[in-house]
1. Does any residue in the stretch 132-154 that is free of Cβ contacts under 8 Å to residues at least 24 places away in the same chain come within less than 8 Å, Cβ to Cβ, of a residue that is among the basic types (K, R) six or more places away or on a different chain, and which pairs are these?
2. For residues in the stretch 220-236 being touching a Leu at 6+ places or on another chain (Cβ under 6 Å) and either assigned to a loop (DSSP other than H, G, I, E, B) or under 20 Å from K248 (Cα atoms) (or both), which is modelled with the lowest pLDDT?
3. Considering each residue of the stretch 33-71, count those that are among the β-branched types (V, I, T) and open to solvent by 10 Å² or more (accessible area, probe 1.4 Å), and give that number.
4. For the stretch 3-26, give me the residue count where each residue is open to solvent by less than 60 Å² (accessible area, probe 1.4 Å) and either of a type in the set (D, E, K, R) or touching a Phe, Trp or Tyr at 6+ places or on another chain (Cβ under 7 Å) (or both).
5. What pairs come up if the first residue lies in the stretch 59-78 and is under 13 Å from Y17 (Cβ atoms), the second is surrounded by fewer than 16 Cβ atoms within 10 Å (Cβ to Cβ), and their beta carbons are under 7 Å apart, counting only those six or more places apart or on different chains?
6. Scan the stretch 129-168 for residues that are at pLDDT 95 or above, over 17 Å from K101 (Cβ atoms) and open to solvent by less than 20 Å² (accessible area, probe 1.4 Å) and report the count.
7. From the list E37, E64, which residue is over 24 Å from S293 (Cα atoms) and assigned to a loop (DSSP other than H, G, I, E, B)?
8. Go through the stretch 93-114 and give me each residue that's more than 24 Å from F57 (Cβ to Cβ) and surrounded by 19 or more Cβ atoms within 10 Å (Cβ to Cβ).
Amino acid sequence: MSVNTLSKEQKLNNIKYLLMLLKSVLNETFPLEPNEEIDFDFLFRLAKSHNVANTAFYAVEQLENRPTGELFKQWQDIRNKNVHRNLVQTLEYQSIVDAFKKAGVEFLPIKGLPLCNLYPKPDYREMADLDILIKNDLKTAGEVIAQIGYSPVEVGGFHHDKFAKPPFMLVELHRDIVPLNSPFYSYYEDIFNRSKKADNCEYRMTDEDFFIFNLVHLYKHYSTAGCGIKMVMDMYIQHKYLYPTLNKRVLEKELEKLGLSDFLEKIIEIADKWFGKGDLESLSKEELYILTSGTFGNSKNVIANRKEGKSKGEYVITRLFPTSAEMKNIYGILRKYPVLLPFFYVGRLICAPFTKGKRIKREIEYMKKTVKK
């Protein structure tokens, strides 16, 4: 069966079957056998687009009626490479920790690595990079990991610097735990003061802050470009294994402060529906939004969310002239020299047609169809 010949209903049934496979892995149960509508080629591409192919394979390999030949080999290779990657990432993280401690660099691990350790097996979850928040001197931190083999990939922009080490290691050293233009930026300015000091250099968030931060991260993606299956899977695991131990009074107070109480309720409802109850008879518009977003969303969602509630004129102005916080997020030098902001606005307008021409054309075409006059 060709992917291109699948009907909308058949694609939907395949999506539901992927969720069932993931549910069986997360709960360590046996998966149901596929029916005649299941197209493993489509299923494989879908799982890859959401970064859950590795997780799904643990269920696929248990099936009697499983894919064969090259497709099975490709799927198996993803799992095997991820097992290797997870081991190397764990060892490399310890090397980085040792180097930071020796140099006196204070830091806080965030996102992927702590999340992996909540899963029944760490390699059930695919992790692209290591994210580490640096307390003070990002430049020194970069110099320290350079001494253990890391090379700069992207330095000075956004809210983190990227470093790579062959064959696949990628480390993001964050100067801020959330971007400068995030509505939650002020909430996280004192995160080190709220975190526990494991020793003289390494900090750890409280379990409540860790849970809330991952919800904030999910909300950022959901409300901008969209979030995929993997992030909902993370929330299911956190709710299953971490949530019961949390101080609910503290958690509810902080979620109310951030305005995320209703969002948590909705995401947990979806996560439990997919991976707990497995009730997939019907899917809501919120579920379909997630299922069609890919791992971290897509450009269509970005445009739609940016333009919501704006006239065409308002939308164009906000795209041509982002807020100063957004500009500082894009161009790190503006944090130190904000007086240069007007020059960067001009430079951005001049360079954008040459560096982002295709994206601009796509956005204009979409805007013509959807933005209010």
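The values are calculated or read from the model by the stated rules, or taken from the named source; none is laboratory data. These figures come from a predicted structure and were not determined experimentally. All Cβ positions, glycine included, derive from the backbone under ideal geometry; neighbour counts span all protein chains shown. Just so you know, the surface numbers come from the protein's heavy atoms only, side chains and all, with ligands and any DNA or RNA stripped out. Shrake-Rupley method; radii C 1.70, N 1.55, O 1.52, S 1.80 Å.
1. Taking only residues 6 or more apart or on different chains, the pairs are G149/K165; Y150/K165; S151/K165; P152/K162; V153/K162; E154/K162.
2. C227
3. The qualifying residues number 2.
4. Here the count works out to 10.
5. L63/E33; N65/E33
6. 1
7. Going through E37, E64 in turn, just one is over 24 Å from S293 (Cα atoms) and assigned to a loop (DSSP other than H, G, I, E, B): E64.
8. Within the stretch 93-114, I96, F100, V105, F107, L108, P109, I110 qualify.
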